[in-house]
1. Look at region 139-191 and say how many of its residues are aliphatic (A, V, I, L, M), more than 19 Å from Arg129 (Cα to Cα) and not in a helix (DSSP H, G or I).
2. In region 61-82, what residues are out of contact with any helix residue (DSSP H, G or I) (no Cβ under 7 Å at 6 or more places or on another chain) and under 20 Å from Ala14 (Cα atoms)?
3. Report every pair of residues separated by at least 6 positions or lying on different chains whose Cβ atoms are under 6 Å apart, first residue within region 142-166 and over 19 Å from Gln178 (Cα atoms) and open to solvent by 60 Å² or more (accessible area, probe 1.4 Å), second of a type in the set (Lys, Arg) and in a helix (DSSP H, G or I).
Amino acid sequence: MTVPSAPPASGEDAAARFAREAAPLFDALLRRARGLTRTQADAEDLLQDTLLNAFAGFHTFREGTDLRAWLFRILHNRWVSTHRLRQRRPAEVPVDGVTERELAASAARQPSAGRSAEAEAIDGLPNHRIRAAMATLPENFRTALFYAEVQGHTFTETAAILDVPRGTVMSRVSRGRQRLRVALADTAHVA
């Protein structure tokens, strides 16, 4: 559904036009935000973030296209970004009443999530063997492995750093790991 836009009033600036055209959609946007976030406060924050981003990018909005769909897409994208950001953040708890004993017990229960079996095995090997095995890899495999495994970047971050598609990074890291396994196979029994 295309929201009909009235012709801009004489001297009407982009801010007034945005407010006039987006205001009728606020209730629908808030309902959708509430459905995504499950709380009123988070929904209001999401709506505000959406409107700020939409206003900042309003100059890119093409007249005659569906403003409602455009705003809902921005709302969804902002929710996804916020959701991913929250997933990456560690749990926040007040530490006033936490003893060292409780902290140590909690640390013992934490899995070593995020680390691959290859990364764990490489940690146990002497550095000179790893360097030698890495030197046998093609440059693009070595670089992708360095950023993804050594530096700890995600595949998406590594793709941005190397200016290649994410799938290319995933392939290079996978193939690099395979070649490292072969190159380090004889050292697995020595270490």
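1. Final tally of qualifying residues: 1.
2. Arg62, Glu63, Gly64, Thr65, Asp66, Ala69, Trp70
3. Sorted first by the residue in region 142-166, then by its partner, the pairs are Thr156/Arg166.
The values are calculated or read from the model by the stated rules, or taken from the named source; none is laboratory data. Being a predicted model, the structure only gives us computed values, none of them experimental. Every residue, glycine as well, gets a Cβ built from its backbone with ideal geometry; the counts of neighbours run over all protein chains shown. For the accessible areas, the whole protein counts, side chains as well, though only heavy atoms, and no ligand, DNA or RNA atoms are used. Shrake-Rupley method; radii C 1.70, N 1.55, O 1.52, S 1.80 Å.
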